[in-house]
């Protein structure tokens with residue numbers, strides 16, 4: 001049987017499939033619980049914005065369990081908020097916490113569309129503030145600046161439409177606009 | 001040896017596939033911006049859709065090359081006054097309709113009838129061209145295909161068989 005050295009590509013592929021020590025050190029249960037806590041905070045905020053309508057019975061608010069499944073975390077139950085406004089139904093659907101560039105996402109889904117609410121760094125004003133692209137000139141490889149180590153304070157934000165893609169705070173007025181947008185188009 | 005044009009399409013196809021895989025990976029400089037707020041599963045689904053679309057578009061490019069090769073061959077045989085049965089049949093068509101001949105009902109049929117041993121290959125081509133029509137004309141109906149799945153690989157293989165087995169005349 002041949003014992004020749006494995007091909008570099010295959011070697012690299014196998015290496016990437018191993019659980020790295022960094023990944024193994026992350027407390028995934030804690031990550032999940034933090035995300036679910038932030039999800040509850042969002043729901044409380046939405047409930048507060050809608051109090052006038054829910055107390056009068058014009059909007060019926062209820063929660064339904066949804067099963068999420070994420071790599072490393074596994075499957076778990078989260079709550080989906082359902083708003084019944086007459087014949088219309090608008091849902092706040094939790095998507096997960098292992099996302100590119102942010103800590104959580106909730107999709108606001110209605111018959112006319114979908115909008116996104118993201119759990120992002122509260123100091124960031126928009127996508128441009130989070131994304132750094134380094135360009136090498138004169139054939140030189142770009143030098144990547146290491147991000148300064150700091151504790152991130154997470155906050156729920158609405159992302160405005162391209163090209164601005166700014167992160168804006170969720171106010172009552174903005175939430176109402178989003179609900180109308182996904183409900184009526 | 002495969003036709004140079006389909007080899008170029010395959011090389012282009014492979015480059016696009018490799019580029020898409022890189023673009024959808026975290027090694028891409030624009031990965032964070034492009035996929036911000038997305039789950040790994042959503043990214044995988046989008047990549048799969050892009051790869052499938054690329055596969056279809058590359059298959060369509062192969063079909064175009066095959067069609068062009070048959071039409072060029074038709075004109076060459078008509079102009080060169082070759083004495084084989086296929087060329088005679090083409091010249092008879094040309095007298096009546098010049099270049100206004102159908103690829104499948106005229107050119108493919110002539111090959112099948114007049115070129116010994118081409119019947120099976122032309123049959124496979126006709127089946128594959130139903131897929132080509134679906135691809136090229138908006139994909140708004142469900143095609144009734146001879147085989148369940150055509151993709152770039154199978155269409156490329158068929159084109160390679162055509163170029164390797166049929167003596168298609170090229171421009172001088």
Can residue B:109 be described as within 30 Å of residue B:134 (Cα to Cα) and surrounded by fewer than 12 Cβ atoms within 10 Å (Cβ to Cβ)? no
Specify which of the listed residues (A:77, A:59) is exposed (fewer than 11 other Cβ atoms within 10 Å of the Cβ) and at pLDDT 95 or above. A:77
Residues B:27, B:2: which one is modelled with pLDDT under 95 and under 18 Å from the mean Cα position of the chain (by Cα)? B:2
Taking segment A:74-112, which residues are facing another protein chain (nearest Cβ under 10 Å), in contact (Cβ under 8 Å) with a residue 40 or more places away in the chain, in a strand (DSSP E or B) and farther than 15 Å from residue A:46 by Cβ? A:96
Residue under question is residue A:115, and the condition is that it be under 22 Å from residue A:167 (Cα atoms), part of a strand (DSSP E or B), modelled with pLDDT under 95 and touching a helix residue (DSSP H, G or I) at 6+ places or on another chain (Cβ under 6 Å); does it hold? yes
Let me confirm something: among B:49, B:110, which residue is more than 14 Å from chain A (Cβ to nearest Cβ), closer than 30 Å to residue A:106 by Cα, more than 18 Å from the chain's Cα centre (by Cα) and at pLDDT 95 or above? B:49
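The values are calculated or read from the model by the stated rules, or taken from the named source; none is laboratory data. Bear in mind the structure is a predicted one, so any value in this text is a computation, not a measurement. Please note: Cβ atoms are built from the backbone with ideal geometry, for glycine as well, and neighbour counts cover all protein chains shown.
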